[in-house]
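Values in this text are rule-based calculations from the coordinates and carry no lab data. Predicted model only: the values in this text are computed from it and were never measured. As a convention, Cβ positions derive from the backbone with ideal geometry for all residues, glycine included, and neighbour counts pool all protein chains shown.
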Amino acid sequence: MPKPAVNSLPAPDVQSFRLRLDEVLDFEDDQGNVWANAKWGVYAFYDYDGEPIYVGQTNEQLRVRVRRHLTNQRTDAVAMRILDPFEVAEIELWPLWEYESIGTKGPLGAAAKAQLNALEHSVYHWAIDESKFGAILNEKIPPVSPLIELPASMRASLLTDAVRAEREHPDIRIARRADTLARLSAVARERGIVTPGLRRVIVVQAMRLAYLAGARLAFAEGRPAPDPRVIQSGPLFGDVTEETENGSEDALAPNNRRTIRRWLRPQSCGNRFFGISIISEGSVSTELTRRL
């Protein structure tokens with residue numbers, strides 16, 4: 001019997017997910033640039049409810065970093081069970097095209113890195129503002145940087161209708177969240193000495209599990225889904241906007257926090273769109289939506 005092709009070995013849903021991921025990573029903008037080919041940029045992952053769950057940055061190429069996360073190649077987040085690739089339903093990419101020819105060394109590299117940090121910091125703040133729990137699954141809070149206007153982005157679904165219908169079933173999600181939480185807690189137990197950020201992620205995962213289970217119970221009993229605000233996140237893990245050198249969180253200055261409240265999100269055009277996102281305390285600015 002001939003040896004099977006390596007890419008035929010994964011389960012059908014995994015094969016479908018990876019084929020769709022390859023498609024999404026080849027999407028182009030209206031200038032013909034492949035979004036995921038940008039060397040410098042920031043990415044975000046979303047769950048089946050459109051809830052932001054993770055934000056990261058790269059200066060090696062968006063395509064490479066995203067694939068490492070979502071094909072279970074070794075990254076810190078996956079290795080420590082912080083991020084479950086099966087819970088990722090959508091991605092969003094913010095490339096920094098202006099630094100495409102810039103290396104990581106010297107003054108130009110330092111300037112590019114500073115802008116990358118500012119972009120990650122701004123996307124992270126937007127994500128925790130959008131989160132119903134007021135927190136996402138980042139172990140490390142991005143270093144404090146100026147909040148900036150976000151560049152054009154591409155957001156896309158990673159699931160076919162068939163795979164989504166299977167994976168997003170509440171009982172499957174609850175079981176995976178419980179398993180992820182148990183594995184993550186085991187990491188903390190085995191290491192003994194871990195960062196406050198890892199323990200914060202355990203709390204966030206527990207909140208996500210509690211809400212999923214509560215919503216499922218409400219559905220089974222014919223009740224409306226619970227309000228996420230019944231889970232008081234602040235008292236559970238404190239502020240998540242800034243991390244001090246020793247790993248604890250301090251409150252960010254109120255003036256800095258307010259600047260991120262205005263976010264202009266384009267309406268979705270199918271599974272793909274990009275938009276100009278504005279961070280402002282003042283007047284509403286123009287929103288751009290375009291089908292790719």
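Compute the Cα gyration tensor for the range 135-181, then decide on rounded, prolate or oblate, letting a ≥ b ≥ c be the square roots of its eigenvalues: rounded whenever a/c is under 1.5, prolate when a/b is larger than b/c in the other cases, and oblate in all that remain. Note, shape of the range 135-181 comes out oblate. Straight-distance candidates among the lysines for linking to LYS132, with alpha-carbon spacing under 24 Å and chain neighbours fewer than 8 residues away dropped: LYS140. Near the amide H of GLY41, within less than 5 Å, lie the amide hydrogens of THR58, LEU96, all on another chain or at least 5 residues away, with H placed in the peptide plane. Rounded, prolate or oblate: which fits the range 6-258 when a ≥ b ≥ c are the square roots of the eigenvalues of the alpha-carbon gyration tensor, with rounded for a/c under 1.5 and prolate only if a/b beats b/c? It is oblate, given that a/c is not under 1.5 and a/b is not larger than b/c. Going from the residue with the fewest nearby Cβ atoms within 10 Å to the one with the most, THR160, THR58, THR241 rank THR160, THR58, THR241. Rounded to the nearest Hz, the phi-derived 3J(HN,Hα) couplings of the range 60-66 under the Karplus curve 6.51 cos²θ - 1.76 cosθ + 1.60 (θ = phi - 60°) are 10, 1, 4, 4, 5, 5, 5, where x marks glycine and proline. Within the range 144-218, the GluC sites (Glu not before Pro) that combine a DSSP coil assignment with at most 14 other C-beta atoms in a 10 angstrom radius are GLU149. If you find the alpha carbon centre of the range 1-68 and of the range 153-171, how far apart are they in angstrom? What the calculation gives is 14 Å, centre to centre.
The calculated FRET efficiency for the pair GLU98 and GLU130, based on their C-beta separation and a Förster distance of 30 Å, comes to about 0.70. The trypsin sites (Lys or Arg not before Pro) found in the range 82-187 that occupy coil by DSSP, while having at most 10 further C-beta atoms within 10 Å, are LYS105. Between LEU217 and ASP22, the distance separating the two model label sites (each 7 Å from Cα on the Cα→Cβ line) works out to 4.4 nm.
Length available on full extension from VAL34 to ASP13: 0.36 nm per residue minus the Cα-Cα distance, which gives 5.0 nm. Judged by the ratio a/c of the largest to the smallest principal axis of the C-alpha gyration tensor, the range 2-144 counts as oblate, that ratio being 1.5 or greater while a/b is no larger than b/c.
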